[in-house]
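To keep things clear, I will list the structure first and then write my remarks on it.
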Amino acid sequence: MGKCKIVHYINQFYAGIGGEEKANVPPEKRDGFVGPGLAINGAVEGVAEIVGTVICGDSYFNENLEEASDKVLDMIKSYEPDLVVVGPGFNAGRYGMACGMVAKLVDENLNIPVVGGLYEENPGLEIYKRHAYFVPTGNSATSMRQAVPAIAAIIKKIAAGEKVTEGYVAKGVRKNYFAKERGSKRAVDMLLKKIAGEEFVTEYPMPVFDRVDAQAAIKDIKTAKIALVSSGGPVPKGNPDRIEASSASKYGKYSLVDIFDFVSSNGETAHGGYDPVYANEDLDRVLPVDVLKEMVKNGEIGSLHDYWYSTVGNGTSVANSKAFAAEIAEDLKADGVHGVILTST
Amino acid sequence: MRLEVGSILIKDVQFGDKTEVKNGVLYVNKDEIAKIAGDDDRIKSVEVYLARPGESVRILPVKDVVEPRVKVDGPGGIFPGFMSNVDQVGSGTTHVLKGAAVVTTGKIVGFQEGIIDMKGVGAEYTPFSKTNNVVVKVEPIDSIKQHEHEVVVRMAGLRASNYLGLAGKNVKPDEVKVYETKPLLEQVNQYPNLPKVVYVYMLQTQGLLHNTFYYGVDVRQIVPTFMYPTEVFDGAIISGNCVSACDKNPTYIHCNSPVIEDLYAEHGKTINFLGCVITNENVTLMDKERSSNMTAKLVGFLGADAAIISEEGFGNPDADLVMNCNKIEGQGIKTVLITDEYAGQDGASQSLADSTPLGNACVTAGNANEVVTLPPMDTVIGYPETANVIAGGWEGSLHADGSITAEIQVITSATNELGFGYLTAKGL
């Protein structure tokens with residue numbers, strides 16, 4: 001190919017439009033490079049060129065997903081690029097998610113490579129890493145100077161028609177190939193190395209699941225403060241925080257003070273992974289507030305925590321779930337909760 | 001136990017007046033083999049075809065593949081418990097028609113039967129594109145039930161194979177290999193300074209057309225037991241499986257059990273190969289707990305320093321694999337696992353249904369969900385439309401021109417977990 005044509009996706013902050021107060025600006029496109037595009041364009045000079053930049057506010061993208069996706073994709077397409085660069089988004093939560101979603105859009109619709117940069121703990125990385133070559137970055141824009149050459153190195157490889165083999169976070173995609181030795185021989189060779197205490201490389205790194213040990217039983221349930229936490233998506237009617245139906249990027253904290261029984265007018269589920277009819281009719285089916293309030297009244301438990309915490313488990317990444325749980329747990333501890341009932345679906 | 005395995009190299013198979021081996025060519029009397037394979041009241045008809053490497057031939061649905069063998073000297077016969085009495089096999093002399101195979105096909109039994117292509121991209125995935133195949137197409141009587149259908153076809157294949165094997169009884173083998181494992185204490189003393197290795201040989205036994213047999217016994221009903229490695233070379237283990245074609249172990253591969261061969265290759269050099277523990281993959285938790293406990297106990301009892309554990313099938317048996325790994329590693333015995341993957345057609349899903357941090361040495365036979373398009377063949381032996389229903393295919397897998405788009409799951413032994421093939425997978 002000739003000079004590789006690049007479209008660069010960035011948010012309102014990096015486009016110089018503004019910070020959080022401007023996070024709701026809709027998508028726009030500008031010819032050539034903008035903001036960090038200057039450095040990237042310079043680093044790939046001669047082999048590639050940023051022909052256009054697409055900008056969208058982080059809140060706008062995350063809250064108007066369908067419309068923003070269509071617009072952003074159309075704007076990217078209008079430049080007929082050979083490659084798309086997203087970010088780098090470092091550890092910015094919503095920007096990282098937007099970078100990931102744009103990567104997915106491009107990967108699935110345009111079938112051209114995507115290059116980006118995200119911090120290892122950015123939830124967008126875990127969810128969308130298979131759609132792009134994301135170089136690992138520091139957790140803030142101060143590491144831009146390291147991120148740009150890393151991104152440029154991958155762009156140059158792609159522009160030269162070479163295979164990209166390193167410098168990015170593994171996409172987590174498994175690909176078959178024929179090995180030189182048969183499986184049994186490879187197993188014996190691996191065993192010999194393992195026996196000898198030599199270094200060996202597993203062909204399938206098994207995922208590590210968190211196992212949580214059960215805590216000691218609550219000594220006196222009649223004085224215990226109990227809280228409700230759910231991944232079944234129970235939310236106040238109208239889903240005020242717009243928790244996503246799948247791949248949730250947030251959780252909600254809602255007051256139980258005035259709720260004694262859920263009916264169709266005060267609660268619903270945000271969860272997109274099951275038939276919501278029965279939950280929407282009576283949310284106690286997912287979050288048993290009616291029974292617990294009664295138990296408090298009857299003195300069977302000490303008290304019920306004033307808030308419930310809710311997210312949607314459907315397709316939500318382990319990275320996101322862990323982040324939510326860490327915050328929720330801190331909150332519960334600070335409020336002196338003794339026990340939690342976790343409900344799912 | 002000492003077994004001499006003599007391989008008679010077969011480079012071609014042809015029909016002839018007399019079933020015999022001459023100058024590396026296996027001649028097959030078509031009528032005679034059909035009569036012997038069809039010797040069962042429950043069989044309506046048997047047809048016999050030949051399929052050679054490189055020919056534009058597709059066989060489907062494939063049920064089992066069997067290698068012709070014959071006992072020349074020593075106790076028992078090939079396939080004890082089915083084709084001969086239950087004498088202990090694995091010693092003496094056995095001849096093999098290396099390069100020949102019996103492939104059974106016919107109306108579909110379950111949904112989990114396979115495809116063998118003799119040329120094209122599909123041929124790269126199956127080891128049976130490299131063998132000279134005598135294809136036995138068996139049609140049972142109409143009133144037969146599925147499980148009985150499986151038995152009928154399985155037995156027909158064993159009969160056909162042993163019939164061919166006889167042709168090698170008085171032929172001088174081209175290659176002879178000697179395998180020997182001594183009684184435990186002698187074996188330990190023979191190579192006292194080498195690390196002691198046991199092979200944990202997991203067999204698919206979920207029932208309902210998921211069966212494996214040892215000396216004729218349904219392995220679902222055994223508690224894990226010790227096996228001399230040479231026993232498999234005489235057909236002690238037989239497949240009765242209609243599990244996904246890519247990772248069920250055909251009888252042929254049990255008879256050539258590759259981990260056993262490759263451990264023997266190191267026996268006395270770098271390791272002391274003590275033998276095998278065969279175990280099952282049953283469905284209930286109690287069965288899984290019992291079998292993994294017994295397996296770990298046996299491996300520990302034998303004094304192993306290390307073990308290779310191979311799985312058969314996927315999903316539910318992943319739990320057995322993980323339990324075996326945890327309990328054996330838990331005794332300080334090092335393990336390597338052999339499995340395959342179901343990472344989705346895009347390769348992005350988690351590959352196994354269970355996981356353990358102790359499973360840090362894992363050989364994979366590839367992602368069974370990866371999609372492949374098999375070109376049309378001039379000849380199809382069997383029923384091409386079954387491509388739409390076998391596991392790994394879908395309605396529409398078979399195209400009008402005879403090509404097939406499906407997961408490699410449909411290809412016989414594409415992701416064999418005994419380690420017979422070369423396919424593997426890596427993370428991108």
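Pick from segment A:182-219 the residues that are more than 7 Å from chain B (Cβ to nearest Cβ) and in a helix (DSSP H, G or I): which of them is nearest to B:Pro195 (Cα to Cα)? Steps first, please.
Just the residues of segment A:182-219 that are more than 7 Å from chain B (Cβ to nearest Cβ), to begin with: A:189, A:193, A:196-199, A:201, A:205, A:210-219.
Now drop any that are not in a helix (DSSP H, G or I), which leaves A:189, A:193, A:196.
Numbers: A:Asp189: 14, A:Lys193: 12, A:Ala196: 9 Å.
Filtering segment A:182-219 for residues that are more than 7 Å from chain B (Cβ to nearest Cβ) and in a helix (DSSP H, G or I), the one nearest to B:Pro195 (Cα to Cα) comes out as A:Ala196.
Considering only residues of segment B:353-368 that are more than 7 Å from chain A (Cβ to nearest Cβ) and over 20 Å from the mean Cα position of the chain (by Cα), which is farthest from A:Lys193 (Cα to Cα)?
Going through segment B:353-368, the residues more than 7 Å from chain A (Cβ to nearest Cβ) turn out to be B:353-354, B:358, B:368.
Those still in the list that are over 20 Å from the mean Cα position of the chain (by Cα) too: B:353-354, B:358.
Numbers: B:Ala353: 27, B:Asp354: 25, B:Leu358: 16 Å.
Per the criteria, the residue is B:Ala353.
Can you say whether B:Tyr264 is within 18 Å of B:Thr415 (Cα to Cα) and among the aromatic types (Phe, Trp, Tyr), as far as the supplied structure shows? Talk me through it step by step, then tell me what you get.
On the way: within 18 Å of B:Thr415 (Cα to Cα): no; among the aromatic types (Phe, Trp, Tyr): yes.
It is false that B:Tyr264 is within 18 Å of B:Thr415 (Cα to Cα) and among the aromatic types (Phe, Trp, Tyr).
Select, from B:Ala343, B:Ala387, the only residue that is among the hydrophobic types (A, V, I, L, M, F, W, C), closer than 30 Å to B:Met118 by Cα, facing chain A (nearest Cβ under 10 Å) and surrounded by 16 or more Cβ atoms within 10 Å (Cβ to Cβ). It would help to see each step written out before you state the result.
Details: B:Ala387 fails: facing chain A (nearest Cβ under 10 Å).
Checking each option against the conditions leaves just B:Ala343.
For segment A:309-326, check the following and say yes or no: at least one residue is modelled with pLDDT of 95 or more and either in contact with a Lys or Arg (Cβ under 6 Å, 6 or more places away or on another chain) or not assigned by TED's automatic domain parsing to the domain that holds A:Ser255 (or both).
Within segment A:309-326 (the criterion being modelled with pLDDT of 95 or more and either in contact with a Lys or Arg (Cβ under 6 Å, 6 or more places away or on another chain) or not assigned by TED's automatic domain parsing to the domain that holds A:Ser255 (or both)), the answer is yes, since at least one residue qualifies.
If I ask for residues that are within 21 Å of the chain's Cα centre (by Cα) and on the phi < 0 side of the Ramachandran plot, which ones from segment B:72-90 would you list?
Selection gives B:Gly77, B:Ile78, B:Pro80, B:Phe82, B:Met83, B:Ser84, B:Val86, B:Gln88, B:Val89.
Assess whether B:Lys22 counts as being of a type in the set (Lys, Arg), touching a strand residue (DSSP E or B) at 6+ places or on another chain (Cβ under 9 Å) and more than 23 Å from B:Asp234 (Cα to Cα).
In short, no.
Testing B:Lys172 on (1) surrounded by fewer than 18 Cβ atoms within 10 Å (Cβ to Cβ); (2) part of a helix (DSSP H, G or I), one condition comes back false. Which one is that?
Exception for B:Lys172: condition (2).
Of all residues in segment A:146-180, how many are in contact (Cβ under 8 Å) with a residue 12 or more places away in the chain and in a helix (DSSP H, G or I)?
12
Give me the residue from segment B:118-131 that is more than 17 Å from the chain's Cα centre (by Cα) and surrounded by 23 or more Cβ atoms within 10 Å (Cβ to Cβ) and, out of that set, nearest to B:Val66 (Cα to Cα). Quick ask: steps written out before the conclusion?
Applying the first criterion (more than 17 Å from the chain's Cα centre (by Cα)) to segment B:118-131 yields B:118-124.
Add one more test, that the residue is surrounded by 23 or more Cβ atoms within 10 Å (Cβ to Cβ), and what stays is B:118, B:122.
Working: B:Met118: 17, B:Gly122: 20 Å.
This residue is B:Met118.
So which residues in segment A:155-181 are at the interface with another protein chain (Cβ under 9 Å from one of its Cβ atoms), surrounded by fewer than 19 Cβ atoms within 10 Å (Cβ to Cβ) and not small (Gly, Ala, Ser), if there are any at all?
At the first step, the residues of segment A:155-181 found to be at the interface with another protein chain (Cβ under 9 Å from one of its Cβ atoms) are A:170-181.
From what's left, surrounded by fewer than 19 Cβ atoms within 10 Å (Cβ to Cβ): A:170-172, A:175, A:177-178, A:180-181.
Hits for segment A:155-181 are A:Lys171, A:Lys175, A:Tyr177, A:Phe178, A:Lys180, A:Glu181.
Go through segment A:1-51 and report how many residues are within 18 Å of A:Leu110 (Cβ to Cβ), among the β-branched types (Val, Ile, Thr) and surrounded by fewer than 19 Cβ atoms within 10 Å (Cβ to Cβ).
0
Return the residues of segment B:83-98 that are of a type outside the set (Ser, Thr, Tyr) and surrounded by 20 or more Cβ atoms within 10 Å (Cβ to Cβ); say none if nothing qualifies. Give the steps one after another, and end with the answer.
Quick first cut of segment B:83-98, residues of a type outside the set (Ser, Thr, Tyr) only: B:83, B:85-90, B:92, B:95-98.
Residues satisfying the conditions are B:Val89, B:Gly90, B:His95, B:Val96, B:Leu97, B:Lys98.
Being buried (at least 19 other Cβ atoms within 10 Å of the Cβ) and in a loop (DSSP other than H, G, I, E, B) is the filter here, so list the residues in segment A:277-286 that pass it.
Hit for segment A:277-286 is A:Val286, nothing else.
Collect the residues in segment B:120-151 that are modelled with pLDDT under 95 and in a helix (DSSP H, G or I), keeping them in residue-number order.
B:Gln146, B:His147, B:Glu148, B:His149, B:Glu150, B:Val151
Which is surrounded by 17 or more Cβ atoms within 10 Å (Cβ to Cβ), in contact with a Ser or Thr (Cβ under 8 Å, 6 or more places away or on another chain) and either within 14 Å of chain A (Cβ to nearest Cβ) or in contact (Cβ under 8 Å) with a residue 12 or more places away in the chain (or both), of B:Ala306, B:Ala319?
Answer to the check: B:Ala306.
Quick check on my filter: what residues within segment B:55-76 are in contact with a helix residue (DSSP H, G or I) (Cβ under 8 Å, 6 or more places away or on another chain) and part of a loop (DSSP other than H, G, I, E, B)?
If the condition is that a residue be in contact with a helix residue (DSSP H, G or I) (Cβ under 8 Å, 6 or more places away or on another chain) and part of a loop (DSSP other than H, G, I, E, B), then B:Lys63, B:Glu67, B:Pro68, B:Gly76 are the ones that fit.
What number of residues within segment A:242-272 are surrounded by fewer than 16 Cβ atoms within 10 Å (Cβ to Cβ) and either touching a His at 6+ places or on another chain (Cβ under 7 Å) or on the phi < 0 side of the Ramachandran plot (or both)?
Of the residues in segment A:242-272, the ones surrounded by fewer than 16 Cβ atoms within 10 Å (Cβ to Cβ) are A:242, A:246, A:253, A:255, A:257-258, A:260-261, A:263-266, A:272.
Subsequent filtering for residues that are either touching a His at 6+ places or on another chain (Cβ under 7 Å) or on the phi < 0 side of the Ramachandran plot (or both) retains A:246, A:253, A:255, A:257-258, A:260-261, A:263-266, A:272.
Qualifying residue count, segment A:242-272: 12.
Could you please give the count of residues in segment B:208-266 that are in contact with a Gly (Cβ under 7 Å, 6 or more places away or on another chain) and at positive phi?
Final tally of qualifying residues: 3.
Give just the number: which of (1) at pLDDT 95 or above; (2) surrounded by 17 or more Cβ atoms within 10 Å (Cβ to Cβ); (3) part of a loop (DSSP other than H, G, I, E, B) does B:Gln331 not satisfy?
(2)
With the requirement that a residue be free of Cβ contacts under 8 Å to residues at least 24 places away in the same chain, within 14 Å of chain A (Cβ to nearest Cβ) and not in a strand (DSSP E or B), what does segment B:392-428 give you? If you could, list the steps in order and put the result at the bottom.
First, the residues of segment B:392-428 that are free of Cβ contacts under 8 Å to residues at least 24 places away in the same chain: B:393-400, B:422, B:426-427.
From the residues that got through so far, the ones that are within 14 Å of chain A (Cβ to nearest Cβ) too are B:422, B:426-427.
Hit for segment B:392-428 is B:Tyr422, nothing else.
Taking interchain pairs and intrachain pairs at least six residues apart, which have beta carbon atoms under 9 angstrom, with the first residue in segment B:371-386 and at pLDDT below 95 and the second aromatic (Phe, Trp, Tyr)?
B:Thr386/B:Phe111
Six or more apart or on different chains, Cβ atoms under 9 Å: show the pairs whose first residue is in segment B:166-194 and within 15 Å of B:Thr270 (Cα to Cα) and whose second is part of a loop (DSSP other than H, G, I, E, B) and modelled with pLDDT under 95.
Nothing qualifies.
Of all residues in segment B:37-56, how many are surrounded by 18 or more Cβ atoms within 10 Å (Cβ to Cβ) and closer than 25 Å to B:Ile144 by Cβ?
6
The values are calculated or read from the model by the stated rules, or taken from the named source; none is laboratory data. Quick caveat, the model's predicted, so the values are computed rather than measured. With ideal geometry, Cβ positions are generated from the backbone for all residues, glycine too; neighbour counts draw on all protein chains shown.
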